[in-house]
1. Can you pull the one-decimal nm distance between simple spin-label points at residue 248 and residue 77, each 7 Å off the Cα toward Cβ?
2. If I take R0 = 51 Å and measure r between the Cβ atoms of residue 17 and residue 273 in this structure, what FRET efficiency does the formula 1/(1 + (r/R0)^6) give, to the nearest 0.05?
3. Roughly how tilted is helix 393-406, in degrees to the nearest 10 and between 0 and 90, from the longest Cα axis of the chain?
4. Go through 209, 341, 310 and say which Cα lies farthest out towards the positive end of the charge dipole of the chain; charges sit on Cβ, +1 for Lys and Arg, -1 for Asp and Glu.
5. Label points 7 Å out from Cα along the Cβ direction at residue 408 and residue 40: separation in nm?
6. Tell me the label-point distance for the pair residue 24, residue 191, using the 7 Å Cα-to-Cβ offset, in nm and rounded to one decimal.
7. Residues in region 287-310, backbone N under 18 Å from the label point at residue 382 (7 Å along the Cα-to-beta-carbon vector): list them, ranges by number please.
8. By how many degrees, 0 to 90 and rounded to 10, does the Cα axis of helix 324-336 deviate from the longest principal axis of the chain?
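The values are calculated or read from the model by the stated rules, or taken from the named source; none is laboratory data. Since this is a predicted model, take the numbers as computed values, not measurements. FYI the Cβ positions are ideal-geometry reconstructions off the backbone, even for glycines, and counts take in every protein chain you see. Please note that ligands, DNA and RNA were not included when accessible areas were found on the heavy atoms of the full protein model with its side chains. Shrake-Rupley method; radii C 1.70, N 1.55, O 1.52, S 1.80 Å.
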Amino acid sequence: MDKLKNKDHKQIGQELELFFTNDIAPGAPFWLPKGMTIFKELEKYIRELTEKAGYQETSTPIMVKSQLFKESGHWSKFGEHNMYNLTLSDEADDTKPVSYTLKPMNCPESTLVYRFRPRSYKELPLRFSEIGRLHRREKSGEVNGLLRVRQLTMDDAHIYATEGQIFDEVSNILDMMIAFYKNFGFEYEFRFATRPEQRAGGDEIWDKAEKDLAEVLKKRRIKAGDKKGDGAFYGPKIDVHIKDSLGREWQLATVQLDFHQPEAFSLTYIDNDGKERRPVMIHRAIFGSFERFIAILTEHYQGAFPLWLSPIQVSVLPIADRHNEHAKKIAEELEDNNIRVAIDNNQETLQLKIRNSTLQKVPYLVIIGDREVENGNVSIRTREGKDLGQLKLSYFLNRLKEEIDKKI
Ligand SMILES: [Zn+2]
(Lines give C-alpha, C1' and ligand atoms only; values in the text may rest on other atoms or scores of the structure.)
Protein backbone atom coordinates (compact mmCIF):
# COMPACT_ATOMS: atom_id res chain seq x y z
CA MET A 1 0.00 0.00 0.00
CA ASP A 2 1.29 3.45 -0.80
CA LYS A 3 1.46 5.08 2.59
CA LEU A 4 1.57 8.56 1.09
CA LYS A 5 -1.91 8.09 -0.27
CA ASN A 6 -3.33 7.31 3.12
CA LYS A 7 -5.68 9.84 4.51
CA ASP A 8 -5.75 10.90 8.12
CA HIS A 9 -8.83 10.34 10.24
CA LYS A 10 -9.84 14.00 10.12
CA GLN A 11 -10.08 13.94 6.34
CA ILE A 12 -11.90 10.60 6.33
CA GLY A 13 -14.15 11.80 9.14
CA GLN A 14 -15.11 14.79 7.00
CA GLU A 15 -15.68 12.78 3.80
CA LEU A 16 -17.68 10.04 5.47
CA GLU A 17 -19.46 12.50 7.79
CA LEU A 18 -18.35 10.87 11.02
CA PHE A 19 -17.42 13.85 13.21
CA PHE A 20 -16.09 17.38 13.12
CA THR A 21 -14.42 19.82 15.43
CA ASN A 22 -15.19 23.46 15.88
CA ASP A 23 -13.23 26.26 17.55
CA ILE A 24 -16.16 26.79 19.85
CA ALA A 25 -14.99 23.65 21.71
CA PRO A 26 -11.32 22.94 20.95
CA GLY A 27 -10.39 19.31 21.54
CA ALA A 28 -13.99 18.14 21.89
CA PRO A 29 -15.50 16.39 18.88
CA PHE A 30 -19.03 16.84 17.57
CA TRP A 31 -20.26 13.39 16.56
CA LEU A 32 -22.34 13.19 13.41
CA PRO A 33 -24.97 10.43 13.11
CA LYS A 34 -22.66 8.10 11.15
CA GLY A 35 -19.77 8.51 13.56
CA MET A 36 -22.16 8.01 16.44
CA THR A 37 -23.19 4.67 14.92
CA ILE A 38 -19.58 3.47 15.20
CA PHE A 39 -19.36 4.85 18.73
CA LYS A 40 -22.56 3.03 19.75
CA GLU A 41 -21.46 -0.27 18.18
CA LEU A 42 -18.19 -0.14 20.12
CA GLU A 43 -20.14 0.71 23.26
CA LYS A 44 -22.39 -2.28 22.66
CA TYR A 45 -19.41 -4.54 22.09
CA ILE A 46 -17.55 -3.47 25.21
CA ARG A 47 -20.74 -3.87 27.26
CA GLU A 48 -21.21 -7.40 25.92
CA LEU A 49 -17.64 -8.29 26.87
CA THR A 50 -17.79 -6.78 30.33
CA GLU A 51 -21.19 -8.22 31.20
CA LYS A 52 -20.00 -11.67 30.19
CA ALA A 53 -16.93 -11.19 32.37
CA GLY A 54 -19.02 -10.37 35.45
CA TYR A 55 -18.70 -6.59 35.51
CA GLN A 56 -21.44 -4.31 36.80
CA GLU A 57 -21.86 -0.96 35.10
CA THR A 58 -21.87 2.27 37.09
CA SER A 59 -21.95 5.96 36.26
CA THR A 60 -20.45 8.74 38.36
CA PRO A 61 -20.72 12.56 38.17
CA ILE A 62 -18.67 14.51 35.64
CA MET A 63 -18.17 17.45 38.00
CA VAL A 64 -17.23 16.96 41.65
CA LYS A 65 -15.66 19.02 44.39
CA SER A 66 -11.91 19.35 43.84
CA GLN A 67 -11.26 18.02 47.30
CA LEU A 68 -11.73 14.47 45.95
CA PHE A 69 -8.78 14.82 43.57
CA LYS A 70 -6.67 16.27 46.37
CA GLU A 71 -7.36 13.18 48.46
CA SER A 72 -6.58 10.83 45.58
CA GLY A 73 -3.25 12.47 44.80
CA HIS A 74 -4.23 13.56 41.27
CA TRP A 75 -4.12 17.22 42.24
CA SER A 76 -0.47 17.14 43.24
CA LYS A 77 0.53 14.75 40.47
CA PHE A 78 -1.14 16.48 37.53
CA GLY A 79 -1.41 19.92 39.00
CA GLU A 80 -4.56 21.92 38.83
CA HIS A 81 -3.46 23.32 35.45
CA ASN A 82 -3.99 20.00 33.73
CA MET A 83 -7.56 19.70 34.94
CA TYR A 84 -10.58 21.93 34.51
CA ASN A 85 -11.51 23.64 37.72
CA LEU A 86 -14.13 26.19 38.41
CA THR A 87 -15.01 28.03 41.53
CA LEU A 88 -18.65 28.35 42.39
CA SER A 89 -20.06 30.23 45.31
CA ASP A 90 -21.80 28.21 47.96
CA GLU A 91 -25.55 28.68 47.62
CA ALA A 92 -26.11 29.02 51.32
CA ASP A 93 -23.14 31.26 51.94
CA ASP A 94 -21.66 33.04 48.93
CA THR A 95 -18.69 34.22 50.91
CA LYS A 96 -17.48 30.63 50.79
CA PRO A 97 -16.54 29.71 47.25
CA VAL A 98 -16.24 26.02 46.46
CA SER A 99 -13.79 24.62 43.93
CA TYR A 100 -15.09 22.01 41.51
CA THR A 101 -13.20 19.84 39.02
CA LEU A 102 -14.34 18.21 35.80
CA LYS A 103 -13.11 14.68 36.37
CA PRO A 104 -9.93 13.78 34.46
CA MET A 105 -10.26 10.16 35.63
CA ASN A 106 -12.98 7.96 37.06
CA CYS A 107 -10.95 6.20 39.76
CA PRO A 108 -11.55 8.40 42.82
CA GLU A 109 -15.29 8.42 42.25
CA SER A 110 -15.30 4.68 41.75
CA THR A 111 -13.96 4.32 45.29
CA LEU A 112 -17.07 6.18 46.51
CA VAL A 113 -19.22 3.57 44.78
CA TYR A 114 -17.24 0.90 46.58
CA ARG A 115 -17.66 2.71 49.90
CA PHE A 116 -21.40 3.11 49.39
CA ARG A 117 -21.88 0.37 51.99
CA PRO A 118 -19.73 -2.03 53.99
CA ARG A 119 -18.31 -4.79 51.82
CA SER A 120 -17.77 -8.43 52.67
CA TYR A 121 -15.09 -10.78 51.30
CA LYS A 122 -17.99 -12.73 49.79
CA GLU A 123 -18.67 -9.91 47.32
CA LEU A 124 -15.10 -9.73 46.02
CA PRO A 125 -13.94 -9.42 43.36
CA LEU A 126 -16.27 -6.49 42.68
CA ARG A 127 -15.91 -5.33 39.12
CA PHE A 128 -17.32 -1.89 38.36
CA SER A 129 -17.22 -0.70 34.76
CA GLU A 130 -17.94 2.83 33.64
CA ILE A 131 -18.10 4.43 30.23
CA GLY A 132 -17.06 7.72 31.66
CA ARG A 133 -16.69 11.10 30.02
CA LEU A 134 -13.47 12.81 31.12
CA HIS A 135 -11.90 16.22 30.63
CA ARG A 136 -8.19 16.88 30.45
CA ARG A 137 -6.63 20.21 29.80
CA GLU A 138 -4.42 19.45 26.80
CA LYS A 139 -2.74 22.54 25.39
CA SER A 140 -4.68 23.95 22.45
CA GLY A 141 -1.63 23.56 20.19
CA GLU A 142 -1.57 19.87 20.97
CA VAL A 143 -5.15 18.88 20.34
CA ASN A 144 -5.47 16.87 17.16
CA GLY A 145 -8.77 15.61 15.76
CA LEU A 146 -9.81 12.57 17.77
CA LEU A 147 -6.26 11.52 18.59
CA ARG A 148 -5.58 14.14 21.22
CA VAL A 149 -8.70 15.55 22.79
CA ARG A 150 -9.71 17.51 25.84
CA GLN A 151 -12.95 15.63 26.26
CA LEU A 152 -12.69 11.88 26.07
CA THR A 153 -14.84 8.85 26.77
CA MET A 154 -13.12 5.94 28.41
CA ASP A 155 -14.04 2.25 28.52
CA ASP A 156 -12.98 2.18 32.12
CA ALA A 157 -13.28 -0.34 34.94
CA HIS A 158 -12.11 -0.73 38.50
CA ILE A 159 -11.91 -4.07 40.19
CA TYR A 160 -11.78 -4.43 43.94
CA ALA A 161 -10.26 -7.70 45.01
CA THR A 162 -8.43 -9.53 47.76
CA GLU A 163 -4.70 -9.98 47.33
CA GLY A 164 -5.30 -13.64 46.59
CA GLN A 165 -7.49 -12.72 43.62
CA ILE A 166 -4.94 -10.51 41.85
CA PHE A 167 -3.55 -13.26 39.63
CA ASP A 168 -6.90 -14.41 38.26
CA GLU A 169 -8.25 -10.92 37.76
CA VAL A 170 -5.21 -9.54 35.94
CA SER A 171 -4.94 -12.74 33.95
CA ASN A 172 -8.58 -12.54 32.83
CA ILE A 173 -8.12 -8.92 31.81
CA LEU A 174 -5.09 -9.83 29.68
CA ASP A 175 -7.19 -12.53 28.00
CA MET A 176 -9.93 -10.03 27.29
CA MET A 177 -7.42 -7.64 25.72
CA ILE A 178 -5.90 -10.35 23.54
CA ALA A 179 -9.33 -11.47 22.28
CA PHE A 180 -10.30 -7.87 21.56
CA TYR A 181 -7.21 -6.95 19.56
CA LYS A 182 -7.08 -10.19 17.62
CA ASN A 183 -10.59 -9.46 16.46
CA PHE A 184 -9.48 -6.21 14.83
CA GLY A 185 -6.46 -7.84 13.26
CA PHE A 186 -3.97 -5.73 15.18
CA GLU A 187 -0.56 -7.04 16.12
CA TYR A 188 -0.01 -6.46 19.82
CA GLU A 189 2.76 -6.41 22.38
CA PHE A 190 2.81 -6.12 26.13
CA ARG A 191 4.89 -3.62 28.11
CA PHE A 192 5.54 -3.67 31.80
CA ALA A 193 5.70 -0.16 33.29
CA THR A 194 7.27 0.19 36.72
CA ARG A 195 7.41 2.89 39.42
CA PRO A 196 7.82 6.46 38.21
CA GLU A 197 9.97 9.01 40.00
CA GLN A 198 7.01 11.01 41.22
CA ARG A 199 4.69 8.58 42.93
CA ALA A 200 2.35 8.03 45.83
CA GLY A 201 2.84 5.26 48.38
CA GLY A 202 5.94 3.76 49.98
CA ASP A 203 8.51 1.39 48.47
CA GLU A 204 7.01 -1.58 50.26
CA ILE A 205 3.70 -1.44 48.40
CA TRP A 206 5.47 -0.73 45.09
CA ASP A 207 7.71 -3.77 45.60
CA LYS A 208 4.67 -5.89 46.19
CA ALA A 209 2.61 -4.53 43.31
CA GLU A 210 5.47 -4.86 40.82
CA LYS A 211 6.17 -8.38 42.04
CA ASP A 212 2.52 -9.37 41.64
CA LEU A 213 2.30 -8.12 38.05
CA ALA A 214 5.65 -9.67 37.13
CA GLU A 215 4.37 -12.96 38.46
CA VAL A 216 1.25 -12.86 36.27
CA LEU A 217 3.41 -12.25 33.21
CA LYS A 218 5.76 -15.03 34.20
CA LYS A 219 3.10 -17.62 34.97
CA ARG A 220 1.21 -16.77 31.80
CA ARG A 221 4.47 -16.89 29.84
CA ILE A 222 3.72 -13.49 28.39
CA LYS A 223 6.75 -11.64 27.15
CA ALA A 224 6.60 -7.99 28.01
CA GLY A 225 8.96 -5.23 27.03
CA ASP A 226 10.17 -2.82 29.68
CA LYS A 227 8.78 0.62 30.30
CA LYS A 228 10.89 1.46 33.28
CA GLY A 229 9.61 4.32 35.36
CA ASP A 230 6.47 4.70 33.29
CA GLY A 231 3.92 3.34 35.77
CA ALA A 232 0.91 5.33 36.98
CA PHE A 233 1.63 7.46 40.04
CA TYR A 234 -0.38 5.05 42.17
CA GLY A 235 0.88 1.73 40.80
CA PRO A 236 2.69 -0.31 38.13
CA LYS A 237 0.91 -1.37 34.94
CA ILE A 238 0.94 -3.65 31.97
CA ASP A 239 0.18 -1.79 28.74
CA VAL A 240 -0.74 -3.22 25.39
CA HIS A 241 0.80 -1.62 22.33
CA ILE A 242 -0.72 -2.35 18.95
CA LYS A 243 0.48 -1.86 15.41
CA ASP A 244 -1.99 -0.56 12.86
CA SER A 245 -2.09 -1.24 9.13
CA LEU A 246 0.30 1.64 8.54
CA GLY A 247 2.86 0.09 10.89
CA ARG A 248 2.37 2.72 13.55
CA GLU A 249 2.47 1.81 17.21
CA TRP A 250 -0.18 2.87 19.72
CA GLN A 251 -0.56 2.31 23.41
CA LEU A 252 -4.21 1.50 24.09
CA ALA A 253 -5.08 -1.06 26.72
CA THR A 254 -3.79 -0.88 30.26
CA VAL A 255 -4.13 -2.83 33.48
CA GLN A 256 -2.84 -1.21 36.63
CA LEU A 257 -2.40 -2.56 40.11
CA ASP A 258 -3.06 -0.04 42.85
CA PHE A 259 -2.47 -0.42 46.57
CA HIS A 260 -2.36 3.36 47.05
CA GLN A 261 -5.91 4.58 46.42
CA PRO A 262 -7.54 1.91 48.63
CA GLU A 263 -5.29 3.30 51.36
CA ALA A 264 -5.94 6.96 50.55
CA PHE A 265 -9.71 6.40 50.57
CA SER A 266 -9.70 3.96 53.51
CA LEU A 267 -11.39 1.16 51.58
CA THR A 268 -12.08 -1.97 53.56
CA TYR A 269 -13.90 -5.26 53.46
CA ILE A 270 -14.76 -7.68 56.24
CA ASP A 271 -12.85 -10.91 55.84
CA ASN A 272 -14.15 -14.35 56.80
CA ASP A 273 -12.54 -14.03 60.23
CA GLY A 274 -14.60 -10.89 60.86
CA LYS A 275 -11.57 -8.60 60.55
CA GLU A 276 -11.32 -5.49 58.41
CA ARG A 277 -8.90 -5.74 55.50
CA ARG A 278 -7.81 -3.51 52.63
CA PRO A 279 -8.86 -4.56 49.11
CA VAL A 280 -6.57 -3.94 46.15
CA MET A 281 -7.77 -1.87 43.23
CA ILE A 282 -7.17 -2.89 39.62
CA HIS A 283 -7.71 -0.27 36.93
CA ARG A 284 -8.21 -1.36 33.39
CA ALA A 285 -9.24 -0.06 29.98
CA ILE A 286 -9.42 -2.23 26.88
CA PHE A 287 -9.19 0.36 24.14
CA GLY A 288 -8.52 3.45 26.20
CA SER A 289 -10.68 6.21 24.80
CA PHE A 290 -13.44 5.86 22.25
CA GLU A 291 -12.21 8.99 20.49
CA ARG A 292 -8.63 7.84 20.01
CA PHE A 293 -9.62 4.28 19.20
CA ILE A 294 -12.06 5.44 16.51
CA ALA A 295 -9.33 7.69 15.07
CA ILE A 296 -6.96 4.72 14.90
CA LEU A 297 -9.61 2.40 13.42
CA THR A 298 -10.55 5.03 10.83
CA GLU A 299 -6.95 5.30 9.64
CA HIS A 300 -6.30 1.56 9.99
CA TYR A 301 -9.25 0.71 7.71
CA GLN A 302 -9.00 3.96 5.73
CA GLY A 303 -12.74 4.37 6.32
CA ALA A 304 -13.65 0.89 5.01
CA PHE A 305 -14.86 -0.33 8.40
CA PRO A 306 -15.80 -3.98 8.88
CA LEU A 307 -19.47 -4.67 8.30
CA TRP A 308 -20.53 -4.59 11.97
CA LEU A 309 -19.05 -1.08 12.39
CA SER A 310 -20.06 0.39 9.05
CA PRO A 311 -22.50 3.27 9.53
CA ILE A 312 -24.34 2.12 6.37
CA GLN A 313 -24.02 -1.58 5.75
CA VAL A 314 -25.95 -1.94 2.50
CA SER A 315 -26.78 0.51 -0.29
CA VAL A 316 -29.80 -0.40 -2.38
CA LEU A 317 -29.44 0.95 -5.92
CA PRO A 318 -32.47 0.86 -8.21
CA ILE A 319 -31.32 1.11 -11.86
CA ALA A 320 -34.32 3.17 -13.01
CA ASP A 321 -37.33 4.87 -11.42
CA ARG A 322 -39.56 1.88 -12.18
CA HIS A 323 -37.40 -0.19 -9.79
CA ASN A 324 -37.80 2.19 -6.86
CA GLU A 325 -40.78 0.45 -5.36
CA HIS A 326 -39.13 -2.96 -5.35
CA ALA A 327 -35.92 -1.41 -4.01
CA LYS A 328 -37.90 0.06 -1.15
CA LYS A 329 -39.34 -3.35 -0.30
CA ILE A 330 -35.89 -4.94 -0.26
CA ALA A 331 -34.55 -2.12 1.92
CA GLU A 332 -37.43 -2.57 4.37
CA GLU A 333 -36.81 -6.27 4.65
CA LEU A 334 -33.13 -5.64 5.38
CA GLU A 335 -34.04 -2.99 7.95
CA ASP A 336 -36.48 -5.35 9.63
CA ASN A 337 -33.47 -7.60 10.13
CA ASN A 338 -31.50 -4.78 11.78
CA ILE A 339 -29.30 -4.03 8.80
CA ARG A 340 -28.41 -0.35 8.32
CA VAL A 341 -29.56 0.50 4.80
CA ALA A 342 -29.65 3.49 2.47
CA ILE A 343 -31.51 3.67 -0.85
CA ASP A 344 -29.99 5.74 -3.62
CA ASN A 345 -32.90 6.72 -5.85
CA ASN A 346 -31.32 9.87 -7.21
CA GLN A 347 -31.75 10.48 -10.93
CA GLU A 348 -28.31 9.23 -11.82
CA THR A 349 -26.75 6.44 -13.81
CA LEU A 350 -26.08 3.16 -12.07
CA GLN A 351 -22.36 3.71 -12.59
CA LEU A 352 -22.50 6.95 -10.66
CA LYS A 353 -24.59 5.39 -7.89
CA ILE A 354 -22.06 2.59 -7.54
CA ARG A 355 -19.26 5.13 -7.44
CA ASN A 356 -20.95 7.22 -4.74
CA SER A 357 -21.64 4.24 -2.47
CA THR A 358 -18.11 2.97 -3.01
CA LEU A 359 -16.66 6.35 -2.06
CA GLN A 360 -18.80 6.21 1.07
CA LYS A 361 -17.20 2.80 1.73
CA VAL A 362 -20.54 1.00 2.01
CA PRO A 363 -19.61 -2.72 2.24
CA TYR A 364 -22.41 -4.14 0.05
CA LEU A 365 -24.32 -2.70 -2.88
CA VAL A 366 -27.64 -4.29 -3.85
CA ILE A 367 -28.58 -3.58 -7.45
CA ILE A 368 -32.22 -3.75 -8.49
CA GLY A 369 -33.22 -3.88 -12.16
CA ASP A 370 -35.84 -5.61 -14.32
CA ARG A 371 -34.41 -9.09 -13.75
CA GLU A 372 -34.32 -8.66 -9.98
CA VAL A 373 -37.90 -7.34 -9.87
CA GLU A 374 -38.98 -10.33 -11.91
CA ASN A 375 -37.25 -13.17 -10.08
CA GLY A 376 -37.11 -11.58 -6.62
CA ASN A 377 -33.35 -12.06 -6.23
CA VAL A 378 -30.78 -9.40 -5.49
CA SER A 379 -27.58 -8.62 -7.40
CA ILE A 380 -24.72 -7.92 -5.04
CA ARG A 381 -21.47 -6.04 -5.44
CA THR A 382 -18.92 -5.33 -2.77
CA ARG A 383 -17.18 -2.00 -2.17
CA GLU A 384 -14.00 -3.66 -3.45
CA GLY A 385 -15.75 -4.02 -6.81
CA LYS A 386 -16.35 -7.74 -6.59
CA ASP A 387 -19.51 -8.98 -8.31
CA LEU A 388 -21.19 -11.65 -6.18
CA GLY A 389 -23.90 -12.22 -8.80
CA GLN A 390 -27.55 -12.85 -8.09
CA LEU A 391 -28.43 -14.19 -4.68
CA LYS A 392 -31.63 -15.06 -2.90
CA LEU A 393 -32.40 -12.30 -0.43
CA SER A 394 -32.59 -14.81 2.45
CA TYR A 395 -29.14 -16.14 1.54
CA PHE A 396 -27.70 -12.64 1.41
CA LEU A 397 -29.29 -11.80 4.76
CA ASN A 398 -27.77 -14.86 6.41
CA ARG A 399 -24.40 -13.95 5.02
CA LEU A 400 -24.70 -10.43 6.44
CA LYS A 401 -25.81 -11.66 9.83
CA GLU A 402 -22.98 -14.13 10.05
CA GLU A 403 -20.42 -11.52 9.11
CA ILE A 404 -21.85 -9.09 11.67
CA ASP A 405 -21.90 -11.71 14.44
CA LYS A 406 -18.32 -12.69 13.79
CA LYS A 407 -17.33 -9.03 13.65
CA ILE A 408 -15.12 -9.59 10.63
ZN1 LIG B 1 -8.68 4.19 37.34
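1. For the pair residue 248/residue 77, the computed spacing is 2.7 nm.
2. Numbers: r = 60 Å, r/R0 = 1.19.
Working from the Cβ atoms, E equals 0.25.
3. With rounding to tens, the tilt is 20 degrees.
4. 209
5. A separation of 2.7 nm, rounded to one decimal place.
6. About 3.8 nm, to one decimal.
7. 301-310
8. Roughly 30 degrees between the two axes.
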